[in-house]
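S.K.: Before anything else, here's the structure in question.
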Amino acid sequence: MIDIKSLYKSYGKVMAVNDISIQIPKGTFFGLLGPNGAGKTTLIRLIIGLLDADKGEIRIDNEKLSRDNYNVKRRIGVVSQHINLDKEISVFENMYFSGMLYKLDKKVMKKRIIELLRFLNLEKVQDRICKRLSGGMKRKLMIARALLHDPDYIFLDEPTVGIDLNSRKEIWDFLKAMKNNGKTIILTTHYIEEAEYLCDRVALMDKGKIFYDDTPRNLIDELGRFTVEYFDDNQKTKYHYFNTLSEAKKYSDMINGKYTIRDTTLEDVFYSFANKKVN
């Protein structure tokens, strides 16, 4: 379990993480959503030990996290938002040198590399120089590299940004498999459908605070299971949410013009949350 208590982190006058307390049970796929500048990346960096908190405590399986606690850090795998591969060496060599940093047994490491490359459909390009990989291949290689030492906790900061839909869905399937194997996964993403598809729990964050933390289904139900979407007289899109289909139909009868009644999605929850924060 990841146990965070009263966590604070500021940069000058900007409070990036403001009194966050949250527990993430083992085996959970946890999504962290919020606008740019919400504090998501800072929170992740605190949890993985790259930053020191101004105040508060982080425990992983009841062991206090600190920058020099390598026993905890060895159980963490990180996929950063930015591509950080060595572009002048091959796919296999990137994996191999990462394994050397973790002082893995060479025979075990080579077997693990082959397995991961195969699972992520990178086996055929294992000898290709990394600068010649597609964006999707680079993202998959970063995930494979983060999992090489078989971590219990995997942190993914915008892992599928800027890649095509097919590669994104391949990564989704792989991450689902990792979760089913008992891994705890913490994800930040701007792709709302990604969070809805993958996550057991989702937290909505803004201005350094977590405002909502629940399952995607519960967050949707709290807003309303059905959405009426239409244009108002100024040709602006309007959304109204209802708990029952009959309520949605009754409201739509009063609309002059075209409208759509559909199931509410996590994207609607995020849109409603973001607009409330702006207003």
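S.K.: Pull up the cross-link candidates among the aspartates and glutamates for LYS250, meaning alpha carbon to alpha carbon under 15 Å and not fewer than 8 places away within one chain.
M.R.: Correct list for LYS250: GLU229.
S.K.: Can I ask one more? List the chymotrypsin sites (Phe, Trp or Tyr not before Pro) within the stretch 207-279 that DSSP assigns to loop and that have no more than 11 neighbouring Cβ atoms inside 10 Å. Show your work: numbers first, answer last.
M.R.: Details: sites: PHE211, TYR212, PHE226, TYR230, PHE231, TYR239, TYR241, PHE242, TYR251, TYR259, PHE270, TYR271, PHE273; in loops: none.
Here no loop site has a sparse enough neighbourhood.
S.K.: Under the definition of Cα pairs under 8 Å and six or more residues apart, what whole-number percent is the relative contact order of the chain?
M.R.: Details: 496 pairs, mean separation 61.6, N = 279.
Relative contact order for the chain comes out at 22 percent.
S.K.: Quick one: go through the stretch 64-96 and flag any residue whose amide nitrogen is under 17 Å from the point 7 Å out along the Cα-to-Cβ line of LYS5.
M.R.: 64-66
S.K.: Work out from phi, with θ = phi - 60° and the Karplus expression 6.51 cos²θ - 1.76 cosθ + 1.60, the ³J(HN,Hα) of each residue of the stretch 5-20, listed in order in whole Hz, and give x for Gly and Pro.
M.R.: 10, 6, 8, 10, 8, 10, 10, x, 8, 8, 8, 6, 10, 10, 6, 9
S.K.: Another question, then. Does anyone have the angle between helix 135-146 and the longest principal axis of the chain? Alpha-carbon axes, 0 to 90°, nearest 10?
M.R.: Once rounded, the angle reads 60 degrees.
S.K.: Any lysines with Cα under 25 Å of the LYS207 Cα? List them, leaving off those in the same chain fewer than 8 positions away.
M.R.: Candidates past the 8-residue exclusion: LYS5, LYS9, LYS13, LYS40, LYS55, LYS276, LYS277.
S.K.: OK, next. From the residues CYS199, ALA177, GLY37, which one has its Cα farthest along the dipole of the chain in the positive direction, the dipole being from +1 and -1 charges on Cβ of Lys/Arg and Asp/Glu about the Cα centre?
M.R.: In the chain, that residue is ALA177.
S.K.: Could you work out how far helix 266-278 tilts from the main Cα principal axis of the chain, as a 0 to 90 degree angle to the nearest 10?
M.R.: Here the helix axis deviates by roughly 80 degrees.
S.K.: Rounded to a whole number, what % of the accessible area of the chain do carbon and sulfur atoms account for, probe 1.4 Å? The partial results should precede the final answer.
M.R.: On the way: 7170 of 14960 Å².
After summing per-atom areas, the C and S share lands at 48 percent.
S.K.: Sticking with this one: Could you provide, to the nearest whole Å², the per residue accessible area of the stretch 219-277 with probe 1.4 Å?
M.R.: On a per-residue basis, 67 Å².
S.K.: Which is farthest toward the positive dipole end of the chain among TYR230, MET100, LEU187, measuring Cα position about the Cα centre, with Cβ charges +1 (Lys, Arg) and -1 (Asp, Glu)?
M.R.: Farthest along the dipole direction, towards plus: MET100.
S.K.: Hey, can you find the accessible area per residue of the stretch 2-215 for me, probe 1.4 Å, expressed in square angstrom? Don't jump to the answer; show the numbers that get you there.
M.R.: Values: 10460 Å² over 214 residues.
Dividing the accessible area of the stretch 2-215 by its residue count gives 49 Å².
S.K.: Report, in degrees rounded to the nearest 10, the 0 to 90 angle that the Cα long axis of helix 165-180 makes with the longest principal axis of the chain.
M.R.: 70
S.K.: Could you derive backbone 3J(HN,Hα) for the stretch 201-212 from the dihedral phi with the Karplus parameters 6.51, -1.76 and 1.60 (θ = phi - 60°), listing whole Hz in sequence and x where the residue is Gly or Pro?
M.R.: My calculation for the stretch 201-212 gives 9, 9, 10, 9, 10, 7, 6, x, 10, 9, 9, 9 Hz in order.
S.K.: Just flag the trypsin sites (Lys or Arg not before Pro) in the stretch 141-243 sitting in loop per DSSP whose Cβ has no more than 14 other Cβ atoms within 10 Å. Don't skip to the end; give the middle numbers.
M.R.: Numbers: sites: ARG145, ARG168, LYS169, LYS176, LYS179, LYS183, ARG201, LYS207, LYS209, ARG217, ARG225, LYS236, LYS238; in loops: LYS183, LYS207, ARG225, LYS236.
Counting only loop positions with at most 14 other Cβ atoms within 10 Å, the trypsin sites (Lys or Arg not before Pro) in the stretch 141-243 are LYS236.
The values are calculated or read from the model by the stated rules, or taken from the named source; none is laboratory data. This is a predicted model, so every value here is computed, not measured. A quick note on method: Cβ atoms are made from the backbone with ideal geometry, for glycine too, and the neighbour counts reach across all protein chains shown. Side chains are part of the model used for accessible areas, which takes the heavy atoms of the whole protein and leaves out ligands, DNA and RNA. Shrake-Rupley method; radii C 1.70, N 1.55, O 1.52, S 1.80 Å.
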